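Student: For reference, the structure I am asking about is given below.
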Amino acid sequence: MRAMILVDIQNDFMPFGALPVGDGDAVVAVANALMPRFGLVVATQDWHPAEHGSFASNRPGAAPGDIVELGGVAQVLWPDHCVQTTPGASFHSALDVARIDHVVRKGADPGVDSYSGFFDNDHRTDTGLGDLLARNAVDELVILGLATDYCVRATVRDAVALGFGVTVITDGCRAVDVEAGDGERAFAAMRAEGARLMTSSEI
Ligand code: VGL
Ligand code: ZN
């Protein structure tokens, strides 16, 4: 079976949010248009406690963009975002949430970040997404969302490594682009690892 994975389509990643992704709201219409074509739709939700170790505000003297260590791996520091139960952590209000079958929350452990929908960044803790997909006999994944260069990138990498056939919907993704070109480089890396890249009109 083929499932759709919607990555972090949340207010704080919209142009009006705390960790803005340029044109991030453009992915909502793409997600809404494609969801009815899938037997299973899973949405990931970045879900941090206020004391999360990826927030620059929790480290004296640090600023967003600094690179530190968290959970034994390199960590970019971010503005506070997607704090549990806040409006910024909610899905975009225009997202057709009635079509979402399961929500997988990630990033709740203050001691490690979780970009991928499958594992924390230290690859020690599993979110349960792999088991959920296995229970539903899913072998093909179609992935879109935010942000191309972080959570989409990590989710696609793990999905390919776990053996799923993976298609990334390019017009359904937008990048943070801390450095210009990060999003394009992330797409190239996903393709090199074995993911197919397609637009929503091609699928
Ligand atoms: C994300 C940075 C921090 C993402 C989440 O959804 O791509 N990026 N937390
Ligand atoms: Zn986050």
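Each value in this text was obtained by applying a stated rule to the coordinates, not by laboratory testing. Here the structure is a predicted model, which means the values were calculated and not measured. Because the Cβ atoms are built from the backbone with ideal geometry, glycine has one as well, and the counts that use them run over all protein chains shown.
Student: Report the residue, chosen from Val76, Val28, Val166, that carries the largest GNM mean-square fluctuation when the chain is represented by alpha-carbon nodes joined by springs under 10 Å.
Tutor: Val76
Student: Where the eigenvalues come from the Cα gyration tensor of segment 64-125, what are the semi-axes √(5λ) of the equivalent ellipsoid, largest first, in whole Å?
Tutor: Three semi-axes, in Å: 25, 15, 9.
Student: Run the paramagnetic zone check for Met1: 7 angstrom along Cα to Cβ, then residues of segment 38-66 with backbone nitrogen under 19 Å.
Tutor: 38-44
Student: Going highest first, how would you order 18-27, 40-49 by mean Cβ packing within 10 Å?
Tutor: 40-49, 18-27
Student: Just to confirm the number: angle between the C-alpha axis of helix 182-193 and the first principal axis of the chain, 0 to 90 degrees, nearest 10?
Tutor: The angle comes out at about 50 degrees.
Student: Tell me, what is the percent relative contact order of segment 113-161, built from C-alpha pairs under 8 Å that lie six or more residues apart?
Tutor: Relative contact order here is 43 percent.
Student: For Val178 and Thr125 in one chain, what is 0.36 nm times their gap in residues minus the Cα-Cα distance, to one decimal in nm?
Tutor: Here the segment from Val178 to Thr125 would lengthen by 16.4 nm.
Student: I would also like to ask the following. Can you give me the long-range amide H partners of Gly145? Hydrogens built in the peptide plane at 1.01 Å from N, cutoff under 5 Å, separation of 5 or more residues or another chain.
Tutor: Val7, Cys173, Arg174
Student: Longest exposed-loop-site-free stretch of the chain, with GluC sites (Glu not before Pro), DSSP loop and at most 12 other Cβ within 10 Å?
Tutor: Longest site-free region, per DSSP loop and neighbour criteria: 52-178.
Student: Can you compute the modelled spin-label distance between Arg135 and Val103, with each label point 7 Å from Cα toward Cβ, in nm?
Tutor: The two pseudo-label positions are separated by 1.7 nm.
Student: For segment 97-203, list log₁₀ I(q)/I(0) at each q in 0.11, 0.12, 0.13 Å⁻¹, using the Debye formula over Cα point scatterers of equal strength and ignoring solvent, two decimals each.
Tutor: -0.33, -0.40, -0.47
Student: Classify segment 1-133 from the C-alpha gyration tensor, please: rounded if a/c falls under 1.5, else prolate or oblate depending on whether a/b exceeds b/c.
Tutor: Verdict is oblate for segment 1-133.
Student: Viscosity 1.306 mPa s, temperature 10 °C: Stokes-Einstein D of segment 91-151 from its Kirkwood Cα radius, in µm² per second?
Tutor: Translational D for this selection: 120 µm²/s.
Student: Given a 10 angstrom Cα cut-off, can you work out which residue in Asp80, Asp139, Asp66 is the most mobile in a GNM of the chain?
Tutor: Asp66
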